[in-house]
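Shown next, in structure tokens, is the structure this report addresses.
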Amino acid sequence: MAEVSVTKDAAPAADELVVLKNVNKHFGALHVLQDIDLTIARGEVVVVIGPSGSGKSTLCRAINRLEGIDSGSITLDGKPLPAEGKELARLRADVGMVFQSFNLFAHKTVLENVTLGQIKVRKKSKAEAEERARALLDRVGVGTQADKYPAQLSGGQQQRVAIARALAMEPKVMLFDEPTSALDPEMINEVLEVMQQLARDGMTMVVVTHEMGFARSAANRVVFMADGQIVEQATPEKFFTAPRSDRAKDFLSKILHH
Amino acid sequence: MFDFLEGYDLLGSFWTTVQLTVFSGIGALVWGTVLAAMRVSPVPLMRGFGTLYVNVVRNIPLTVIIVFTSLGLADIFGMTMGAADDFQTQGFRLSVLGLAAYTAAFVCEAVRSGINTVPVGQAEAARAIGLNFTQVLTLVVLPQAFRSVVGPLTNVLIALTKNTTVAAAIGVAEAALLMKEIIETEAQLIVTVAIFALGFIILTLPTGIFLGWIGKRVAVKR
């Protein structure tokens, strides 16, 4: 089932940025990722959907080794991800990650959250880092909140700061692990709009989400996962109108008919 | 009423107590933090060492440790702390070493409980932007951990202040040694004990109040 071929219309073909080959992962007895093969091209926006427990978050976290894998390989821009150490830290800086629960550094101001990695990892000067941070905060629409602490911001604002923090590292690819799942309904759109804009600007993105509207409008490809496997992948158009697998049909019937 | 105190260096003895507290307090804070870092590190050997250290050291009576520094480290192994012929200085430095080594075990556990109050997600986010283990710890986790354990660390500091009296066991001229001397020489037990008790309260009470205020000020809002 995993070898379903996909015709992509927007993404360039040969330029492979993230390549997962034969990736397996267990949590105890649970085989949470089963022989995952997935290639993400530069500039492509891939939305991963599926029922809870299907392994989609684990897949997302495996791409920057926040979760280790048991077997298989993950390469980023041609380089395999090392298991630990300095080299891994360097590669992680090239992969932006946005979490469900924002995870902003609570003891630092919004501005400091966005400058920390630039100064400590990218070795930029404080002034340079702050300039870039302010520009990014403006871009995600929270420029006026720069001197506040995360706890003083709404969820939607915090998540936009988290996106700015990831972007500050000038990542090659951005991973979004259910970025809107912890948000109040009225704040979901402000975050999705920022993500839409990123997608339009050509950022390579892997987005785990339950937002089908976002998948339809921004994705180049939808990857449907269930029980640790990639069951089906297709363009959003194809996937939402004519899913091939019964598992996907069942999933879509449950979420779309309300 | 206090005439009998003439000729005794009361302030000097308490000054030694303060110095013992400050030096061993700094040592314990540094070494205890390193131990806490070991206990949360990804390296099994370091975790094992940290756990072993804490469980051995905090279960040995302080008197045993202090006496060992003098009779064991100094007399048998020749660790005279750069003061071989000055018994007072040597005793002081050995006491600082023993007190710091002992108190570090308690600092470690306080800091480790503070580390556990920092949401795991923040450490993950820090790793995700490319920070290494030491950076994650020193830039993100520990600053928040310390803010949440000012209270427990204050307890450790107050206990340390009073524990310095054990240094009397190896002849360091701090408050408790002088108290013993006065009690043995003068017939003024109640007044003497009251004076020294008050002396320690004067040292520890403001410390507790001040650090309590600091703790509230630096608390991380979540």
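The values are calculated or read from the model by the stated rules, or taken from the named source; none is laboratory data. A quick note: this is a predicted structure, and the numbers were derived from the prediction, not measured. Cβ placement follows ideal geometry from the backbone for every residue including glycine, while neighbour counts extend to all protein chains displayed.
For A:Pro150, the stated conditions hold: it is buried (at least 22 other Cβ atoms within 10 Å of the Cβ) and either in contact (Cβ under 8 Å) with a residue 24 or more places away in the chain or more than 11 Å from chain B (Cβ to nearest Cβ) (or both). Would the range B:112-119 turn up any residue that is closer than 15 Å to A:Val121 by Cβ, part of a helix (DSSP H, G or I), touching a residue at least 24 places away in the same chain (Cβ under 8 Å) and more than 7 Å from chain A (Cβ to nearest Cβ)? Scanning the range B:112-119, I find no residue that is closer than 15 Å to A:Val121 by Cβ, part of a helix (DSSP H, G or I), touching a residue at least 24 places away in the same chain (Cβ under 8 Å) and more than 7 Å from chain A (Cβ to nearest Cβ), so the answer is no.
Among the conditions (1) touching a residue at least 12 places away in the same chain (Cβ under 8 Å); (2) in contact with a helix residue (DSSP H, G or I) (Cβ under 6 Å, 6 or more places away or on another chain); (3) not in a helix (DSSP H, G or I), the only one that B:Leu137 does not satisfy is (3).
Okay, residues lined up against (1) crowded, with 18+ Cβ neighbours inside 10 Å; (2) touching a residue at least 40 places away in the same chain (Cβ under 8 Å); (3) within 19 Å of B:Ala175 (Cα to Cα); (4) of a type in the set (Lys, Arg):
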residue	(1), (2), (3), (4)
B:Arg39	yes, yes, no, yes
B:Asp75	no, no, no, no
B:Gly78	no, no, no, no
B:Ala83	no, no, no, no
B:Phe87	no, yes, yes, no
B:Gln90	yes, no, yes, no
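Residues are listed down the side, and each one gets a yes or a no for (1) modelled with pLDDT of 95 or more; (2) closer than 26 Å to A:Arg42 by Cα; (3) within 12 Å of chain B (Cβ to nearest Cβ):
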site: A:Gly155; (1), (2), (3): no, no, no
site: A:Thr180; (1), (2), (3): no, yes, no
site: A:Pro185; (1), (2), (3): no, no, no
site: A:Ile188; (1), (2), (3): no, no, no
site: A:Glu193; (1), (2), (3): no, yes, no
site: A:Gln196; (1), (2), (3): no, yes, no
site: A:Gly202; (1), (2), (3): no, yes, no
site: A:Val206; (1), (2), (3): yes, yes, no
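Is it true that B:Asp85 is away from chain A (no Cβ under 14 Å), of a type in the set (Asp, Glu), farther than 27 Å from A:Val95 by Cα and not in a helix (DSSP H, G or I)?
Considered against the rule, which asks whether it is away from chain A (no Cβ under 14 Å), of a type in the set (Asp, Glu), farther than 27 Å from A:Val95 by Cα and not in a helix (DSSP H, G or I), B:Asp85 comes out as yes.
Name the single residue, out of those in the range A:155-170 being under 14 Å from the mean Cα position of the chain (by Cα) and more than 16 Å from A:Ser181 (Cβ to Cβ), that is surrounded by the most Cβ atoms within 10 Å (Cβ to Cβ). Here the answer is A:Arg165. For A:Arg139, the conditions (1) within 30 Å of A:Ile49 (Cβ to Cβ); (2) within 11 Å of chain B (Cβ to nearest Cβ); (3) among the charged types (D, E, K, R) all hold with the exception of (2).
Any idea how many residues of the range B:120-133 are closer than 27 Å to B:Arg58 by Cβ and free of Cβ contacts under 8 Å to residues at least 40 places away in the same chain?
Looking only at that region, the number is 2.
Listed here are the residues, each with its yes/no results for (1) more than 10 Å from every other protein chain (Cβ to nearest Cβ); (2) buried (at least 18 other Cβ atoms within 10 Å of the Cβ); (3) in a loop (DSSP other than H, G, I, E, B).
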site	(1), (2), (3)
A:Ile69	yes, yes, yes
A:Gly72	yes, no, no
A:Ala83	yes, no, yes
A:Leu88	no, no, no
A:Met97	no, yes, no
A:Asn103	no, yes, yes
A:His107	no, yes, yes
A:Gln118	no, yes, no
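Every condition in (1) crowded, with 22+ Cβ neighbours inside 10 Å; (2) within 8 Å of chain A (Cβ to nearest Cβ) is met by B:Tyr102 except one, and the failing one is (2).
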